[in-house]
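Here the structure is laid out as structure tokens; the discussion comes afterwards.
Where a number appears in this text, it was derived from the coordinates with a stated rule and is not lab data. No experiment lies behind these values; they were computed from the predicted model shown. Positions of Cβ are backbone-derived with ideal geometry, glycine not excepted, and every protein chain shown enters the neighbour counts.
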Amino acid sequence: MAASQETTLLGIDVGGTKVALCVARADGTILARLRRPTEPSGDAAADVARLAADARGLAAQAGVALGSVSAVGVSLPGPLDPEGMRVMDPPNLPGWHDVAVQQMLADALDGLPVHMENDANAGALAEWHFGAARDFRHLVYLTMSTGVGGGIILDGRPWRGSTWSAGEIGHAPLVWDGEPCACGLRGCAEAYLGGAAWAQRLAKIAPPDGRVAELAGGREHATPKELVQAAREGDAFALEEIARFNRYLAQLLAQLAFTLDPEIIVLGTIVAAAGERLVLEPVRELVRTHTWARIGGSLEIRAAALGEDQPYYAGVCAALSGVSAGEDPGSS
Ligand SMILES: [Zn+2]
């Protein structure tokens, strides 16, 4: 079925800390929205039942009969099974091991079609349909938050790979036998570029009396947020850390550029917060220097554009990708 502007969708984004639900039109108009703490109970069935109850309440609030909703989309921390129907083992959702979320939600929502995407793929779709990558057909989106998730869209289609693991570039080795990663491997890109790994590093190496520690109320509480703030103020330690981040990020992006030759790479949370001068401009320069002119010269590297609203659009896009698989954004 094709998505027209009148198509009504129900989007659900289950994050590690927050759940975001919305009722929206296919053109991205949000009719009603709800955000609450995830509060996993340890029992996946109870958690899914609560999501379904929220969804029903939200549809009522939007004045939309549940039966007129075309599709439900769920964006979840990966990995999903190779059919995209079950959630295997999301690190932030205790009790969610190999859970048939698609079937459980469909049963709880009167048999509505339910489509699932991992959060990075859903984020890529969201930036493609509604954010920084509109009008492009070949793009990579990197979440750049606590971890480094990736979503790939090639020739106008999400690329999921043979095991639904395409885009897990955050766990490709950047440094052989390097820093330990949360996934159990060593030297992953995420161990150098992820917010959690960076916070762990700052707790060990930030000067205890420096600006970063001061802003955070102690270096053990420091995150990339305080680091960016200190760098903006010209703090030498923070600027050095950002330069290190930029080199690793550019290395990752250069590999993506040579492998996939995308038109645009969209970078999420940490990069969007750090902005042009600290990260985007130096990273573009590094990537240009370390790739062939025909590849790096035309590659757009931009910050994600959806900000706080991204989870709503991720859920909507998970639904949309089920309704209009393979269609161009905006076509009907
Ligand atoms: Zn890893």
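Taking label points 7 Å from Cα along the Cα-to-Cβ direction, Ala243 and Asp261 give a separation of 3.5 nm.
Using r as the Cβ-Cβ distance of Arg277 and Glu233, and R0 as 22 Å, what FRET efficiency do you calculate, to the nearest 0.05?
On the way: r = 13 Å, r/R0 = 0.59.
Between Arg277 and Glu233 the formula returns 0.95.
Considering all alpha-carbon pairs of segment 1-83, what whole percent are spaced by more than 17 angstrom? For segment 1-83, the fraction of Cα-Cα distances above 17 Å is 48 percent.
With contacts taken as Cα pairs under 8 Å and at least 6 residues apart, the chain reaches a relative contact order of 21 percent. Counting every other Cβ atom within 10 Å of each residue's Cβ, Thr146, Thr38 order from fewest to most as Thr38, Thr146.
When both segment 46-79 and segment 1-29 are represented by their alpha-carbon centers, they are found 9 Å apart.
With a cut-off of 8 Å between alpha carbons and a minimum separation of six or more residues, what is the relative contact order of segment 181-256 in percent?
Values: 73 pairs, mean separation 18.4, N = 76.
Here the relative contact order equals 24 percent.
Quick check on packing: order 84-93, 184-193 by the mean number of other C-beta atoms within 10 Å, highest mean leading. Can you show the working numbers first?
Values: 84-93: 17.2, 184-193: 21.4.
Those peptides, ordered most packed to least, come out 184-193, 84-93.
Taking the Cα centre of segment 93-159 as origin and assigning +1 to Lys and Arg Cβ atoms and -1 to Asp and Glu Cβ atoms, the resulting dipole is close to 260 debye.
The modelled label-to-label distance for the pair Ala172/Thr38, using points 7 Å beyond Cα in the direction of Cβ, is 2.6 nm.
Counting every other Cβ atom within 10 Å of each residue's Cβ, Leu109, Leu267 order from fewest to most as Leu109, Leu267. Length gained on full extension, Ala203 to Lys18: 64.1 nm, using 0.36 nm per residue less the C-alpha separation. Along the axis of the charge dipole computed for the chain (Cβ charges of +1 for Lys and Arg, -1 for Asp and Glu, origin at the Cα centre), the listed residues Leu227, Leu105, Ala65 are led at the positive end by Leu227. Given the options Leu9, Gly147, Pro79, identify the residue whose Cα lies farthest towards the positive end of the charge dipole of the chain (+1 on Cβ of Lys, Arg; -1 on Cβ of Asp, Glu). Working it through, the farthest residue towards the positive pole turns out to be Gly147.
With viscosity 1.306 mPa s and temperature 10 °C, the Kirkwood radius over alpha carbon pairs of segment 235-332 converts through Stokes-Einstein to a diffusion coefficient of 105 µm²/s.
Distances over 39 Å make up what percent of all Cα-Cα pairs in the chain? Show your work: numbers first, answer last.
Working: 7674 of 54946 pairs.
When all Cα pairs of the chain are counted, 14 percent exceed 39 Å.
With the gyration tensor restricted to C-alpha atoms of segment 155-304, the semi-axes of the equivalent ellipsoid amount to 28, 19, 13 Å, longest first.
When Glu226, Glu39 are sorted by how many other C-beta atoms sit within 10 angstrom of their C-beta, beginning with the fewest, the order is Glu39, Glu226. Descending by average beta-carbon neighbour count within 10 Å, the peptides 18-25, 73-80 line up as 73-80, 18-25, the highest first.
Please work out the FRET efficiency for the pair Ala46 and Ala196, using the Cβ-Cβ distance as r and a Förster radius of 35 Å; give the result to the nearest 0.05.
Working: r = 27 Å, r/R0 = 0.78.
Efficiency, rounded to the nearest 0.05: 0.80.
Per residue, the chain reaches -11500 deg cm²/dmol at 222 nm when only DSSP H runs of four or more residues are counted, each adding -39500 (n - 2.57).
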